[in-house]
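Q: First the structure, which I've put down as structure tokens, then a few questions once you've had a look.
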Amino acid sequence: MEGGIVKRGKRVRGALRGRALDTGALAEVQALLDEAQRKTGVDPRRRDLLIENLHLIQDRYGHIPAAHVVALAREMKLAMTEVYEVATFYHHFDVVKEGDKAPPALTVRVCDSLSCELSGSNELIKGLKQSLGDKVRVIPAPCVGRCEQAPVAVVGQNPVAQATVDKVKALVAGNRDKCAVGKYVSYAEYRKQGGYDIVIECLSGKRDAESLIKTMENSGLRGLGGAGFPSGRKWRIVRGEKGPRLMAVNIDEGEPGTFKDRYYLERDPHRFLEGVIIAAWTVQISEVYIYLRDEYAGVRAILEKEIKALQANPPCPLPPIFLRRGAGAYICGEESAMIESIEGKRGMPRLRPPYVAQVGLFGYPTLEHNMETLYWVRDILEKGADWFAGHGRNGRKGLRSFSVSGRVNKPGVHLAPAGITVKELIAEYCGGMLPGHQFYGYLPGGASGGILPASMGDIPLDFDTLNQYGCFIGSAAVIIFSDQDKARSAARNVMKFFSEESCGQCTPCRVGTAKALQLMGAPQWNRGLLEELSGAMADASICGLGQAAPNPIRTVIKYFPKEVE
């Protein structure tokens, strides 16, 4: 290879296979990588930074030209197929093949997940396509994590709450370069409020790791990303592994109906960051990786600014903290798929064992946590385990942040006692049902948590209380629908989501979700075939996406039989 051109004839060792290198594209990629290195001080040509580098190209050009894929492969010393398969795996990367037309400079994404569909997103998509014409691309998008603001459109990276055609057109015509960020508790303000005092006490010897772990165990705090694994026990397990140990924080809340992590980070980011540092000190973590979904551009701006402020004037020695950007893939909410993505790969779930606590990020023992789990660490350690465990109803313990959306007067994040029922949640926290709507049914745990009728609205909402009914609470995303809606339509909406978000690694999920969606479109459901398909998905899928995908089918058939007959 000379001058960036592959000679014809005998292949030169080390030459790129399949496509000639464009020297102009190479210069552009090199400039982007050099600029990134000046800003971060980190060599961006490391293998694990592939997705970050793809974002650099996408952000600069609005898409990823094929020539830039070749150039990036050259700079990172990777096979072109490796770069291409990663770039095409994620929804937010627009890879344009040579000779194909690039997408319009601006894309408007309209959420078509359940909460937004209930609020008219399908009609909004049609209206925007007619109004905006060919110069702006309008596409449906999976849940963008703003269900309480339904319907939601995203212009570039700027969300539009309660979106209408006129609101979106105004933003398209105006300034759309920066995602607006509201007021939140800054680093200086947080320190004035006693922030990071617990960390200082740990380093001064006033607190020790064993007492912290015991307090977390006694509080009963469980993983609030959906799995519900006891947090204190997880700290103890990972601390017992041979170092070095890493931490991976999951803020890829892509479950339709879930938006609690965004809500808290937009208001009090350092409460979360203090929990990260306390956990890292207790478990003796060497490096921290925070994985944030790409849809949360405003949160990313907050975290970038506040992590810099924390590092510039630290209350104590800090572990290295790396903020990694997702690229639009629901599957990366699964812990091992997230770890694959942090490593710069496709977000494919790993087979287990080994578990990430033993062999996780970069092959090291990894403490994996959801954002909200870490958010409560400071309060629990300040107020004691009994404070957190002292909340609860119906024999349950703790607090739950319910992301409530759908047909209620006050959708939003509602902090309520664990074990509250959905009827109590609607009446006491959500201001009742919308005028003219009667409570008909609900999803207690987002898209994968199943669907229950209003007649079963007195079941305590918590971990393990819904399992016997074929449901689970997951991340406590509660979607309410009314007598103006159909449970079968809700189930079909979420199955469409699962079909589109399947990573494709295993046949039961890849084929099963697509086939189920097709069968659910029939006026009368083939119950026998759907149950056979559900059993195959639940029993043979690699990860929770395929295993939980049948829940909406089975619960609608069981609890809303007249709708599918």
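Q: Contour minus end-to-end for Leu106 and Val181, with contour as 0.36 nm per residue of separation and end-to-end as the Cα-Cα distance?
A: This chain segment gains 24.9 nm when fully extended.
Q: Kindly state, to the nearest 0.05, the FRET efficiency for Glu563 paired with Thr164, given R0 = 30 Å and r defined as their beta-carbon distance. Show your work: numbers first, answer last.
A: On the way: r = 31 Å, r/R0 = 1.03.
For R0 = 30 Å, the calculated efficiency reads 0.45.
Q: Here's a follow-up. Counting pairwise Cα distances across segment 132-291, what percent come out greater than 19 angstrom?
A: Beyond 19 Å sits 67 percent of the P(r) for segment 132-291.
Q: Roll a 1.4 Å probe over the protein heavy atoms and report the accessible area of Arg346 in Å², nearest 10.
A: Around 80 Å² of this residue is reachable by solvent.
Q: Here is a follow-up. Per residue, how large is the accessible surface of segment 72-222? Use a 1.4 angstrom probe and give square angstrom.
A: On the way: 7510 Å² over 151 residues.
Counting only protein heavy atoms, the per-residue value for segment 72-222 is 50 Å².
Q: Estimate the FRET efficiency between Asn409 and Glu123 by the formula 1/(1 + (r/R0)^6), using the beta-carbon distance for r and 22 Å for R0, to the nearest 0.05. Mind showing how you got there, number by number?
A: Values: r = 22 Å, r/R0 = 1.01.
Efficiency, from the Cβ-Cβ distance: 0.50.
Q: Counting only heavy atoms of the protein chains, get the accessible area per residue of segment 393-482 (1.4 Å probe) and round it to a whole Å² value. Present the calculation step by step, with values, prior to reporting the outcome.
A: On the way: 2830 Å² over 90 residues.
Computed with neighbouring chains in place, this is 31 Å² per residue.
Q: Just to verify a number: FRET efficiency for Thr88 and Ala227, C-beta to C-beta distance, R0 = 35 Å, to 0.05? Please report the intermediate quantities before stating the final value.
A: On the way: r = 29 Å, r/R0 = 0.83.
The calculated FRET efficiency here is 0.75.
Q: Once you have the Cα-Cα distance between Glu500 and Glu382, take 0.36 nm times their residue separation minus that, and quote the gain in nm to one decimal. Before the final figure, lay out each step's value.
A: Details: separation 118, 0.36 × 118 = 42.48 nm, distance 4.35 nm.
Extra length from Glu500 to Glu382 when fully extended: 38.1 nm.
Q: Rg to Rh ratio, segment 34-93, alpha-carbon atoms and Kirkwood radius?
A: Values: Rg = 10.8 Å, Rh = 11.6 Å.
Rg divided by Rh gives 0.93.
Q: At a 1.4 Å probe radius, carbon and sulfur cover how many percent of the accessible area of segment 265-416? Please list the in-between numbers first.
A: Numbers: 2380 of 4930 Å².
Carbon and sulfur: 48 percent of the exposed surface of segment 265-416.
Q: Now a separate question. Between rounded, prolate and oblate, where does segment 426-480 land on the alpha carbon gyration tensor, with a ≥ b ≥ c its root eigenvalues, rounded for a/c under 1.5, else prolate if a/b exceeds b/c? Walk me through the numbers on the way to the answer.
A: Working: a/c = 1.93, a/b = 1.78, b/c = 1.08.
It is prolate, given that a/c is not under 1.5 and a/b is the larger ratio.
Q: Taking a spot 7 Å from the Cα of Glu189 along the direction of its beta carbon, which residues of segment 298-314 have an amide N less than 18 Å from it?
A: Hits in segment 298-314 for Glu189 at 18 Å: 298-310.
Q: How much accessible area per residue does segment 239-373 have, counting only protein heavy atoms and a probe of 1.4 Å, in square angstrom?
A: On the way: 4010 Å² over 135 residues.
With the other protein chains kept in place, segment 239-373 gives 30 Å² per residue.
Q: Here is a follow-up. What part of the accessible area of segment 24-84, given as a whole %, is carbon or sulfur when the probe is 1.4 angstrom?
A: Working: 1430 of 2690 Å².
Taking all protein chains in place, segment 24-84 shows 53 percent carbon and sulfur surface.
Q: With a point put 7 Å past each Cα toward its Cβ, work out how far Asn394 is from Gln468 in nm, to one decimal.
A: The modelled label-to-label distance comes out at 1.2 nm.
Q: Would you mind checking which residues have amide H under 5 Å from Ile64's amide H? H placed 1.01 Å from N; only 5 or more apart, or other chain.
A: Asp94, Val95, Val96
Q: Once you have the Cα-Cα distance between Ser489 and Ala522, take 0.36 nm times their residue separation minus that, and quote the gain in nm to one decimal.
A: Values: separation 33, 0.36 × 33 = 11.88 nm, distance 1.14 nm.
Additional length available on full extension: 10.7 nm.
The values are calculated or read from the model by the stated rules, or taken from the named source; none is laboratory data. The shown structure was predicted, so the numbers you read here are calculated from the model rather than taken from an experiment. Glycine also receives a Cβ, built like all others from the backbone with ideal geometry; neighbour counts cover every protein chain displayed. Side chains included, ligands, DNA and RNA excluded: accessible areas come from the protein's heavy atoms. Shrake-Rupley method; radii C 1.70, N 1.55, O 1.52, S 1.80 Å.
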